[in-house]
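The values are calculated or read from the model by the stated rules, or taken from the named source; none is laboratory data. Just so it is clear, the structure is predicted and the values come from calculations on it, not from any experiment. Here the Cβ positions follow ideal geometry from the backbone for every residue, glycine too, while neighbour counts run over all protein chains shown.
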Amino acid sequence: MIDHDRLFKELLSTFFVEFLELFLPQVSKLIEQDSVGFLPQEYFADLTTGETKIIDLLAQVRLAGQETGFLVHIENQSSTESDFSRRMFFYFSRLHQKYLQRIYPIVVFSFDEPYREEAHQYTMEFDDLKVVEFNFFPIQLNRLHWRDYLTQRNPIAAALMAKMQIEEGDRPRVKAECLRLLATLQLDPARTRLISGFVDTYLRLNGQETQVFQEEIGKLEEMEREGVMQIVTSWMEQGIEQGIEQGIEQGIEQGLQRERSLVLRQLTRKVGELPELVQAQLNALPIAPLEALGEALLDFASLADLEAWLSAQG
């Protein structure tokens, strides 16, 4: 399962200013860019569902040349939700109550479907009185076309093109264009990995698409092609490293299971059938205590000896 909230939070917090520059240039011009600070996560109990909700991103910014500022609240919404505008109003109300500051609310709608325009207003009114009119700024990625962002030298564009409106046959080309744009930005390795990993997560290609992707890379200018190939090579190296790590972990786990199975058989012969509680304690033992038990059990005469040994392990 893809952890959409984590991926978007990491992307938007790392490239917060670039995000504003791309989608809200009028806001980015208002603030001191070096004043951005992220506030602790806020947890809210949703009384309508009984769930605990977590604010995705809350940033404190200062107005350019001034001591005052405001908060920027960003939510990533990875699935459609009928009462989402109401929930955003609840978030706004509670944040405003706590911080008593102006709040600029933004929502990134990142789901693939539906394509209809999502509501971005919550109102409450009577015939003679408008009680509430709450609005937030919507960015609905599946209603934006990736071609419109090809020339944007912005890391957020390089990442989010992967979630925009893409015809099925264009997926390989979009992935190549995302990486081409990323390569031209010449970011540090950590930020490059963040964006390339985001793109690879949302544009996983099948065998035929991969062949087209390679052909698209071959059409790039030499400098761009070399930059993209460096990124692709880092994916391969990372995959090999992960495979080795997984192999080692699997080997350790298999060895631990064999050791545990042997000790359980020996204990059953020494003290008889083991109660479920004792078996659970044995199954939770790490490798070092398990090896020590393999030696200690030679001196056991009854189940009480085993229980005393387990009790001594804390």
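Couple of notes before you dig in:
- Test: VAL132 is surrounded by 13 or more Cβ atoms within 10 Å (Cβ to Cβ) and farther than 19 Å from SER35 by Cα: no
- Of the listed requirements (1) over 19 Å from PHE137 (Cα atoms); (2) part of a helix (DSSP H, G or I), VAL27 misses just one: (1).
- Residues being polar (S, T, N, Q) and in a helix (DSSP H, G or I) - total across the range 167-193: 2
- Test: SER196 is under 21 Å from LEU57 (Cα atoms), of a type in the set (Ser, Thr, Tyr) and buried (at least 17 other Cβ atoms within 10 Å of the Cβ): no
- Filter pass, LEU141 being crowded, with 16+ Cβ neighbours inside 10 Å, in contact with a strand residue (DSSP E or B) (Cβ under 7 Å, 6 or more places away or on another chain) and closer than 26 Å to ASP3 by Cβ: yes
- The combined condition, being touching a residue at least 24 places away in the same chain (Cβ under 8 Å), surrounded by fewer than 19 Cβ atoms within 10 Å (Cβ to Cβ), assigned to a loop (DSSP other than H, G, I, E, B) and touching a Gly at 6+ places or on another chain (Cβ under 9 Å), is fulfilled by GLN101.
To keep it simple, each residue is scored yes or no on (1) touching a residue at least 60 places away in the same chain (Cβ under 8 Å); (2) of a type outside the set (A, V, I, L, M, F, W, C); (3) under 17 Å from SER13 (Cβ atoms).
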residue	(1), (2), (3)
ASP46	no, yes, no
ILE55	no, no, yes
GLN60	no, yes, yes
TYR122	no, yes, no
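- Residue match in the range 124-146 (condition: aliphatic (A, V, I, L, M), closer than 30 Å to ALA183 by Cα and either part of a helix (DSSP H, G or I) or touching a Ser or Thr at 6+ places or on another chain (Cβ under 6 Å) (or both)): yes
Conditions (1) under 26 Å from TYR202 (Cβ atoms); (2) aliphatic (A, V, I, L, M); (3) not in a helix (DSSP H, G or I), marked per residue:
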site	(1), (2), (3)
GLU67	no, no, yes
ARG86	no, no, no
PRO114	yes, no, yes
GLU117	yes, no, yes
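- Just one residue in the set PHE89, PHE70, PHE84 is touching a residue at least 40 places away in the same chain (Cβ under 8 Å), of a type outside the set (Gly, Ala, Ser) and either surrounded by 19 or more Cβ atoms within 10 Å (Cβ to Cβ) or under 24 Å from GLU133 (Cβ atoms) (or both); that residue is PHE89.
- Residue identified as farther than 30 Å from GLU167 by Cα and at pLDDT below 65 among GLN257, GLN250, GLN238, GLN266: GLN250
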